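Please treat every number below as a calculation from the coordinates, not as lab data. All figures in this text were calculated on a predicted structure; none of them were measured in a lab. Cβ coordinates were reconstructed from backbone atoms using ideal geometry, including for glycine residues, and neighbour counts include every protein chain displayed.
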Amino acid sequence: MDAKKRRAVLRKFYKSKQWISVRDYVLMRDKYLCTKCDKPAEVVHHVIHLTENNVDTWEISLNPDNLVSLCAECHFNEHRGEHGKGRQAHEHDEPYPYTFDENGQIIPKPIMHGEQI
Ligand SMILES: [Zn+2]
Ligand SMILES: [Zn+2]
């Protein structure tokens, strides 16, 4: 599978209802704090990394045991460790791209600290 297809598969996953509810559950479980340094969490990271090959394996893609809330900095470090240099080209969820209001309407969510990942 080429890189473009791979990204599309993962992007679709990150838009799925299943992922969004598991992600929200994990953030709630971790009290919206980074599990490494207690700063506000900004991403939910797959401990066993998500790839196009395991995206359909819910034990990896949607298992809260394989998911941790991290801040941008710890998330960066998490991926930097893997290949020794820079951030791995690992497809990721966007940091809190949106949320729901009281009426269940989808609304854009402001990014904390004005930081981009
Ligand atoms: Zn952190
Ligand atoms: Zn990650």
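Laid out as a table, the results:
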item: Residues satisfying the stated conditions in the range 1-31, i.e. in contact (Cβ under 8 Å) with a residue 12 or more places away in the chain and closer than 15 Å to PRO64 by Cβ; result: GLN18, TRP19, VAL22, ARG23, TYR25, VAL26, LEU27, ARG29, ASP30
item: Count of residues meeting criterion [more than 11 Å from ALA72 (Cβ to Cβ), among the hydrophobic types (A, V, I, L, M, F, W, C) and touching a Lys or Arg at 6+ places or on another chain (Cβ under 9 Å)] in the range 34-52; result: 1
item: Helices (runs of 4 or more DSSP H) lying entirely in the range 13-83 (those with 3 or more residues that are charged (D, E, K, R)); result: 17-29, 72-83
